[in-house]
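Accompanying notes for the structure given below.
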Amino acid sequence: MAQEGALRQMPRANLFAEPAVIAEPLAGGGLLLRSPYALGEIPRSIGRLLDAWARRDPDRVFLAQRGAAGDWRRVTYGEALAAARAIGQSLLDRGLGPERPVMILSDNGIEHALLALGAMHVGVPVAPVSTAYSRLSQDFAKLRFVHDLVAPGLVFADDGARYAAAIAALRLGDTELALVANPPQGVPATEFAALAGTRPTADVDRAFAAVGPDTIAKILFTSGSTGEPKGVINTQRMLTSNQESYVRAWPFLDARPPVILDWLPWNHTFGGNSDFNMILRNGGTLYIDDGRPVPGLIEKSIANLREVAPTLYLNVPRGFAMVLDYLERDPALAHNFFRELDLVLYAGAALPQSLWARLEALSLKTVGHKVAMVAAWGTTETAPLATLVHYPIERAGNIGLPAPGCEIKLVPDGDKLEMRVRGPNIMPGYWKRPDLTAAAFDAEGFYRPGDAARLEDPDDPRRGIVFDGRIGENFKLSSGTWVGVGALRVALIAACAPVVEDAVVTGHDRDEIGLLVFPSLAGCRGLCPHLPPDAPLAALVKEPAVATALAAALARHNAGAGGSSQRVARALLLDQPPSIDKGEITDKGYINQRAVLTNRAALVERLHAEPAGPEVVTPAR
């Protein structure tokens, strides 16, 4: 086994702080919620967490990553601090600082982590950029936009060959390029080893001492689904206060160092802030997962899970769906997955209840008890934790109570309650966009993400907050009936398995609800065994078996639905996957409803045309 040391499972009763909340009614309606748990002292910087563990236990494994030969390459806390100090010196030598950040193009990896830690150690912001912009994009427009906005003093990629097209598209000019290996022909580049081999001086210690709570740690970019990506300024206070919130609500984190296997990209706040810094705050070990929940790469994640028994498993719903398919077929794999597991957390998108039930049933079968399953809510602008479940819940949808240190204001907005957030974890603003910054806050300084919520039990706020969709995504039918898109979408994805991988709900100002369906490639192939195993999506969506299965699933959903706000009248199977370049999907796999509806307006018209065309699927009768 790759994992060192005997671990003991935490009793469920000791996982959580007692659920508690202070609730104050607001004049004019609404509610102000805050946690009664104080944060206590907030560390000045992320670098101080690394420094503390390197002094306390320098030989403890901090990071592990698969090497070229398939073995695990490990970095201890002591080694990570030494590398961070050396890299910090190299960046200071180059005159980098708050106005000359480091821009990172690469996937998660040890060099990526050490460079980011070294930069933040001496007060140089890092801007990790979605690899979808640098590897999957066809035009590199968003990558160039981000580069020009950041104006970096150094650009890093782990492999020059892998990122050659992106590097060429950036036209770096005098901007220094740093690589681990394979510099593109004719492009000057600095070896990463030279950065990590720099001898630190007293300048590093002075710079480290000057880094404080308001120092900019990162610039994280939103997905750009409603325009160009926005650079969210992440301060040191945001990152460290988030982790103190976790520990106050989840005291088990202090009981034993966590072990996680994680693929979530570090250019996103979930993987790069929540997960990475949770390991750093609590002296844990992060196994960097070189897989991800897509065909051809999920197999790597499964191979890693055969060797690593996590104490925490954090993922997005798409990740859970694909991992579960393997766990249910392989008892030995399931046993290794559950044997040390204290907790499962989902975030990033709504989890279908069917996945929740499958995971609970499998844990009960495998280890004799239901694994504790929880959720959290937040955004890039909240670093990300704003609400957190720290009590047993029985089904998906509950996103918890205000995290310690956070205030949640629920403000009436039509038939919804808009969620607004204030606390030490909230961004000071968007990078070089004061106009966007001003529009993001209300008069009392609460950040407005545009999400809606309601109380699980209006008479007992301690039972938590339920996510109620995005205010901007809900719409009215021509009858004036409101359609709650978020909950309906989740219900439909669950009901329409195995045909549907994701979907977008349509019907604004129309007589009935429609559905644009992104089909599941694996699910549709399973329905069409007569086709070649590598049959493309364009062929599969034309198969009668796929349309028949979808029609039957829609009928089953409608039979249990309420009124017109829940019943789907028609669907259209799409033969083109969601586009990264057009902002239809993030690299975490989250579909943006608004972007899809805008980009595929012609398909929406075809879906709702009268009479319906032959490609439109209607519920079976």
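The values are calculated or read from the model by the stated rules, or taken from the named source; none is laboratory data. Quantities reported herein were computed from a predicted structural model and do not represent experimental measurements. Cβ placement follows ideal geometry from the backbone for every residue including glycine, while neighbour counts extend to all protein chains displayed.
The figures follow:
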{"quantity": "Any hit, segment 297-312, residues being closer than 29 Å to residue 34 by Cβ and either within 19 Å of the chain's Cα centre (by Cα) or not assigned by TED's automatic domain parsing to the domain that holds residue 334 (or both)", "calculated": "yes"}
{"quantity": "Residues within segment 241-286 that are in contact with a Phe, Trp or Tyr (Cβ under 8 Å, 6 or more places away or on another chain), under 18 Å from residue 81 (Cα atoms) and either at pLDDT below 95 or not small (Gly, Ala, Ser) (or both), tallied", "calculated": "7"}
{"quantity": "Residue match in segment 434-450 (condition: in the same structural domain as residue 402 (by TED's automatic domain parsing) and within 28 Å of residue 293 (Cβ to Cβ))", "calculated": "yes"}
{"quantity": "Of all residues in segment 355-374 being surrounded by fewer than 17 Cβ atoms within 10 Å (Cβ to Cβ) and touching a helix residue (DSSP H, G or I) at 6+ places or on another chain (Cβ under 9 Å), the one that is nearest to residue 470 (Cα to Cα)", "calculated": "370"}
{"quantity": "Filter result for the condition that a residue is among the β-branched types (Val, Ile, Thr), within 31 Å of the chain's Cα centre (by Cα) and over 24 Å from residue 322 (Cβ atoms), over 505, 483", "calculated": "483"}
{"quantity": "Condition broken by residue 292, with the remaining ones in (1) in contact (Cβ under 8 Å) with a residue 60 or more places away in the chain; (2) part of a loop (DSSP other than H, G, I, E, B); (3) of a type outside the set (Phe, Trp, Tyr); (4) buried (at least 20 other Cβ atoms within 10 Å of the Cβ) satisfied", "calculated": "(1)"}
{"quantity": "Checking residue 328 against (1) within 25 Å of residue 395 (Cβ to Cβ); (2) among the acidic types (Asp, Glu); (3) touching a strand residue (DSSP E or B) at 6+ places or on another chain (Cβ under 8 Å), the condition it does not meet", "calculated": "(3)"}
{"quantity": "Sole exception among (1) more than 20 Å from the chain's Cα centre (by Cα); (2) within 23 Å of residue 316 (Cα to Cα); (3) touching a residue at least 40 places away in the same chain (Cβ under 8 Å) for residue 394, by number", "calculated": "(3)"}
{"quantity": "Matching residues in segment 302-338 - criterion: being of a type in the set (Ser, Thr, Tyr) and either surrounded by 22 or more Cβ atoms within 10 Å (Cβ to Cβ) or outside any helix (DSSP H, G or I) (or both)", "calculated": "311, 313"}
{"quantity": "Some residue of segment 30-40 being touching a His at 6+ places or on another chain (Cβ under 8 Å), hydroxyl-bearing (Ser, Thr, Tyr) and either modelled with pLDDT under 95 or assigned to a loop (DSSP other than H, G, I, E, B) (or both)", "calculated": "no"}
{"quantity": "Filter pass, residue 417 being touching a helix residue (DSSP H, G or I) at 6+ places or on another chain (Cβ under 9 Å) and either under 26 Å from residue 344 (Cα atoms) or hydrophobic (A, V, I, L, M, F, W, C) (or both)", "calculated": "no"}
{"quantity": "Criterion violated by residue 55 - all others in (1) over 24 Å from the mean Cα position of the chain (by Cα); (2) modelled with pLDDT under 95; (3) not β-branched (Val, Ile, Thr) satisfied", "calculated": "(2)"}
{"quantity": "Any chance residue 387 is at pLDDT 95 or above, within 30 Å of residue 431 (Cα to Cα) and not in a loop (DSSP other than H, G, I, E, B)", "calculated": "yes"}
{"quantity": "Filtered residue count, segment 50-106, keeping only those that are charged (D, E, K, R) and not in a loop (DSSP other than H, G, I, E, B)", "calculated": "10"}
{"quantity": "Check on residue 253, part of a helix (DSSP H, G or I) and surrounded by 18 or more Cβ atoms within 10 Å (Cβ to Cβ)", "calculated": "yes"}
{"quantity": "Complete set of residues in segment 142-190 that are of a type outside the set (Val, Ile, Thr), out of contact with any helix residue (DSSP H, G or I) (no Cβ under 8 Å at 6 or more places or on another chain) and part of a strand (DSSP E or B)", "calculated": "159, 176, 181"}
{"quantity": "Which listed residue is modelled with pLDDT under 95 and not aliphatic (A, V, I, L, M), from 381, 394", "calculated": "394"}
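Condition check ((1) assigned by TED's automatic domain parsing to the domain that holds residue 487; (2) touching a helix residue (DSSP H, G or I) at 6+ places or on another chain (Cβ under 7 Å); (3) at pLDDT 95 or above) across all residues:
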{"position": "545", "(1), (2), (3)": "yes, yes, yes"}
{"position": "562", "(1), (2), (3)": "yes, no, no"}
{"position": "566", "(1), (2), (3)": "yes, yes, no"}
{"position": "576", "(1), (2), (3)": "yes, no, no"}
{"position": "590", "(1), (2), (3)": "yes, no, no"}
{"position": "594", "(1), (2), (3)": "yes, no, no"}
{"position": "598", "(1), (2), (3)": "yes, no, no"}
{"position": "609", "(1), (2), (3)": "yes, no, no"}
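Residue-by-condition table, conditions (1) within 21 Å of residue 430 (Cα to Cα); (2) free of Cβ contacts under 8 Å to residues at least 12 places away in the same chain; (3) not hydroxyl-bearing (Ser, Thr, Tyr):
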{"residue": "113", "(1), (2), (3)": "no, no, yes"}
{"residue": "117", "(1), (2), (3)": "no, no, yes"}
{"residue": "134", "(1), (2), (3)": "no, no, no"}
{"residue": "138", "(1), (2), (3)": "no, no, yes"}
{"residue": "145", "(1), (2), (3)": "yes, no, yes"}
{"residue": "148", "(1), (2), (3)": "yes, yes, yes"}
{"residue": "156", "(1), (2), (3)": "no, no, yes"}
